[in-house]
Ligand code: NDP
């Protein structure tokens with residue numbers, strides 16, 4: 001049974017989902033279909049992944065009732081102008097085959113682009129909630145200063161902040177800033193995009209529980225209270241990563257994994273202050 005987390009807009013989100021970054025578009029309907037068969041009901045996609053149509057096909061084929069599914073997408077870095085937010089959000093809904101999306105995130109703040117104006121982008125995303133086509137508005141890769149600014153200039157706090165976090169990069173600064181504002185944290189790259197899977201300390205904890213290293217890392221995130229959606233192309237790993245709610249780490253084991261944090265050196269993705277990629 002997957003736990004749920006209550007968000008600051010009073011909606012609930014499954015704490016465990018399935019990630020789709022680097023799932024090739026032509027394989028997405030099949031891969032996400034398998035994840036739904038395994039039992040995942042929360043899917044994380046993005047305009048920039050190019051695979052929203054495949055997610056939509058998997059949802060349609062599954063015949064799972066809409067209210068049992070939780071679907072997230074994210075605004076492409078190329079669509080930050082308010083008119084582009086609204087236009088591209090309509091495209092996202094059409095590709096996913098949904099009338100309403102559960103969660104839509106500003107994928108990156110891009111403080112060096114669009115004259116540093118991510119506030120009007122945030123206002124446009126919150127406007128989608130007011131229209132009824134979106135249930136919950138959130139952000140991704142927002143550093144403490146970015147969060148402070150959108151909240152102080154609009155009075156509207158995002159429900160979630162999706163940020164890189166894993167044993168080698170705990171990202172506690174952005175996590176704590178999010179929590180201070182009542183913003184739930186989603187940990188992207190929960191396995192360090194694979195980097196943390198060879199860790200010897202975690203392997204010892206895994207042996208003690210008779211679990212895999214991946215399960216131990218994901219359980220650590222769950223016990224920190226974060227939301228995770230590991231990605232895998234392999235069905236046996238989908239099943240493995242889904243089994244996180246039948247065991248617990250001891251406080252000492254949690255602390256041992258906390259101690260693996262390498263700070264900025266552990267980061268595997270770009271820094272949000274300087275990331276400035278725009279699609280063609
Ligand atoms: P993850 O930390 O989920 O790691 C994925 C890697 O781990 C893949 O190489 C996968 O290989 C491997 N893996 C998964 N499960 C296992 C297992 N049980 N045993 C061994 N290897 C395993 O990285 P992601 O970057 O995919 O992050 C998760 C999700 O977060 C993304 O899919 C996406 O939805 C989101 N994300 C958001 C970002 C943002 O900017 N907001 C940035 C990056 C990700 P294989 O597929 O071969 O099994």
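Values in this text are rule-based calculations from the coordinates and carry no lab data. Fair warning: this is a prediction, and the values are worked out from it, not measured in the lab. Glycine gets a Cβ as well: all are built from the backbone with ideal geometry, and neighbour counts include every protein chain shown.
Observations, loosely collected:
- Extension gain (nm, one decimal) between residue 239 and residue 120, 0.36 nm per residue minus Cα-Cα: 38.7 nm
- For the pair residue 37 and residue 81 in one chain, pulling the backbone fully straight at 0.36 nm per residue adds 12.1 nm over the alpha carbon distance.
- Summarising the overall dimensions of the chain from its C-alpha atoms, the Rg and Dmax are 18.0, 54 angstrom.
- Sites residue 250 and residue 11 - FRET efficiency at Förster radius 41 Å, r taken between beta-carbons, to 0.05: 0.80
- Per-residue Cβ neighbour rank within 10 angstrom, fewest leading, 1, 233, 48: 1, 233, 48
- Springs between Cα atoms under 10 Å define the GNM used for the chain, and in it the highest mean-square fluctuation of 68, 148, 30 occurs at 68.
- FRET efficiency for the residue 156 to residue 208 pair, using the beta carbon distance and R₀ = 41 Å, is estimated at 0.35.
- At full extension, residue 67 and residue 262 could sit 66.2 nm farther apart than now, given 0.36 nm per residue minus the alpha carbon distance.
- For segment 1-127, the extents of the C-alpha atoms along the principal axes are 45, 34, 23 Å, listed from largest to smallest.
- Using the Cβ-Cβ distance between residue 198 and residue 223 with R0 = 22 Å, the FRET efficiency computed as 1/(1 + (r/R0)^6) comes to roughly 0.50.
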